[in-house]
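Novice: Below: one structure in structure tokens.
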Amino acid sequence: MDYTSNDLISILNANTSEILSLMAETNSLRDNNIITYSKNVFLPITDICRNECGYCTFRKDPNSDDAIILMKPDEIMDIIKKGDLFNCKEALFTFGEYPDETELVLSALNSLGFENILEYLYFLCNETLDNTRLLPHSNSGILKKNELKILREVNASMGLMLETSSNRIMETIAHKKSPGKKPELRLNTIKNAGKLKIPFTTGLLIGIGETNLERIESLIELRKIQDKYGHIQEIIIQNFKPKPGIPMESYREPSIVEMIKMVCITN
Ligand code: SF4
């Protein structure tokens, strides 16, 4: 069934008993009761990032004692090979956005013989393919089309969370210090991945100050891209979680009912 934005808004405003019948309806859309998942190893190559999102618990200050400036190739390959022994299927490479704009990261890359983080990522993905049974999946932040094209050679799939298509959030605590969270830049990366036929994971972050209408508009943007390119393999509906020490620590997290509604309308 095709729903309009108004239908979707009324679902997000529905009461609990209406939600139970919606859940039953959504469940009936599934072909079967199989839940799939991918066993992966998580590889935070660096936790340095040029952005400073108000909800982030991943990014570290480059001068903090516990920052990962750059994981070394041996360290990374050891983890991947152990994952192989446990029959993991995916090597999930991730890092903050444009970490090589930070001098400490750049000099660590240079000392390993790489000019930038994407060159290093390519090398690591290639090593994974040559030496293990795992398939590389890279989350590298916003990328240009030519960068995606190069990384496509060594990735089974790639990913970038849209989070929200709302420009208004760029003015709020969530994204005001994060130039890479501009929706247009993220939508362009997802579209370019579609033009290059790269299987792609994306999704929304729920509870960072967006309205119900903005949640729906974000989903509709992804729907339009999927209708045109057909490359989106997964839409993650992720909930914001307040954590001690983050700028948004006192913000409310979305309730389970809100999350259920979002999952229902995404289906
Ligand atoms: S982009 Fe934002 S959420 Fe992602 S690592 Fe950087 S600061 Fe954290």
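Novice: Could you tell me the convex hull volume per residue, in Å³, taken over the Cα atoms of the stretch 37-159?
Specialist: Per residue, the Cα convex hull of the stretch 37-159 comes to 116 Å³.
Novice: Let me ask something additional. Under a 1.4 Å probe, what is the accessible area of the stretch 8-58 per residue, stated in Å²?
Specialist: Result: 62 Å² per residue.
Novice: On a straight-distance basis, which lysines could pair with LYS228 in a cross-link, Cα separation under 28 angstrom, same-chain partners fewer than 8 positions away excluded?
Specialist: Leaving aside lysines fewer than 8 places away in the same chain, those within reach of LYS228 are LYS144, LYS145, LYS149, LYS181, LYS182, LYS191, LYS195, LYS197, LYS261.
Novice: Sort out for me the Cα centre separation of the stretch 226-267 from the stretch 52-80, rounded to whole Å.
Specialist: Each part's Cα centre sits 24 Å from the other's.
Novice: Which of the cysteines found in the chain have nothing to pair with, since no other Cys Cβ lies under 4.7 Å from theirs?
Specialist: Unpaired cysteines in the chain: CYS49, CYS88, CYS125, CYS264.
Novice: Cα centroid distance between the stretch 124-162 and the stretch 188-215, in Å?
Specialist: Between the Cα centres of the stretch 124-162 and the stretch 188-215 lies a distance of 18 Å.
Novice: Hey, what angle do you get for helix 256-266 against the long axis of the chain, alpha-carbon based, 0 to 90 degrees rounded to 10?
Specialist: With rounding to tens, the tilt is 90 degrees.
Novice: Can you compute the label reach from GLU153? Point 7 Å from Cα along the Cβ direction, backbone N cut-off under 17 Å, restricted to the stretch 180-198.
Specialist: Correct set: 196-198.
Novice: Count charges around SER165 for me, please; just the other residues with Cβ under 12 Å from its Cβ, Lys/Arg as +1, Asp/Glu as -1.
Specialist: +1
Novice: Filter the trypsin sites (Lys or Arg not before Pro) in the stretch 219-267 to those in DSSP coil with at most 10 other Cβ atoms within 10 Å of their Cβ, and list the result.
Specialist: ARG252
Novice: Let me ask something additional. Taking every pair of distinct Cα atoms and averaging 1/r, then inverting, what Kirkwood hydrodynamic radius in Å comes out for the chain?
Specialist: That comes to 19.9 Å for the chain.
Novice: In the stretch 126-267, what percent of the accessible surface is made up of carbon and sulfur (1.4 Å probe, ligands and nucleic acids excluded)?
Specialist: Percent of accessible area from carbon and sulfur atoms in the stretch 126-267: 50.
Novice: Need the list of aspartates and glutamates near LYS241 for cross-linking: C-alpha distance under 18 angstrom, and skip anything on the same chain fewer than eight residues off.
Specialist: GLU52, GLU163, GLU210, GLU249, GLU253, GLU258
Novice: Just subtract the alpha-carbon distance of ASN33 and SER5 from 0.36 nm times their residue separation and send over the number in nm, one decimal.
Specialist: 7.2 nm
Novice: If I take R0 = 25 Å and measure r between the Cβ atoms of ARG223 and ILE173 in this structure, what FRET efficiency does the formula 1/(1 + (r/R0)^6) give, to the nearest 0.05?
Specialist: E(calc), rounded to 0.05, equals 0.30.
Novice: Same structure, new question: Round to the nearest 10 and give me the degree value, 0 to 90, for the angle of helix 183-195's Cα axis relative to the longest principal axis of the chain.
Specialist: Around 80 degrees separate the two axes.
Novice: Add -39500 (n - 2.57) for each DSSP H run of 4 or more in the chain, then divide by its residues: what number comes out at 222 nm, to the nearest 500 deg cm²/dmol?
Specialist: -12500 deg cm²/dmol
Novice: Pop a pseudo-label 7 angstrom from the Cα along the beta-carbon direction at both LYS72 and SER255 and give the gap in nm to one decimal.
Specialist: For the pair LYS72/SER255, the computed spacing is 5.2 nm.
Novice: Scan the stretch 5-57 for trypsin sites (Lys or Arg not before Pro) in coil per DSSP, keeping those whose Cβ has at most 14 other Cβ atoms within 10 Å, and list them by number.
Specialist: In loop regions of the stretch 5-57 (DSSP not H, G, I, E or B), the sparsely surrounded trypsin sites (Lys or Arg not before Pro) are ARG30, LYS39.
Novice: Let me ask something else about it. On C-alpha positions alone, give me the angle between the axis of helix 117-131 and the longest principal axis of the chain, in degrees, nearest 10.
Specialist: 90 degrees
Novice: First select every other residue whose beta carbon is under 13 angstrom from the beta carbon of CYS264; then total the charges, Lys and Arg +1, Asp and Glu -1.
Specialist: Neighbour charge sum, excluding CYS264 itself: -1.
Novice: Longest span of the chain, sites excluded, free of chymotrypsin sites (Phe, Trp or Tyr not before Pro) in DSSP loop with at most 10 other C-beta atoms within 10 Å?
Specialist: 87-267
The values are calculated or read from the model by the stated rules, or taken from the named source; none is laboratory data. Owing to the predicted nature of the structure, the values given are computational and were not obtained by experimental measurement. Cβ coordinates were reconstructed from backbone atoms using ideal geometry, including for glycine residues, and neighbour counts include every protein chain displayed. Remember, those area values only see protein heavy atoms, side chains included, never the ligands or the DNA or RNA. Shrake-Rupley method; radii C 1.70, N 1.55, O 1.52, S 1.80 Å.
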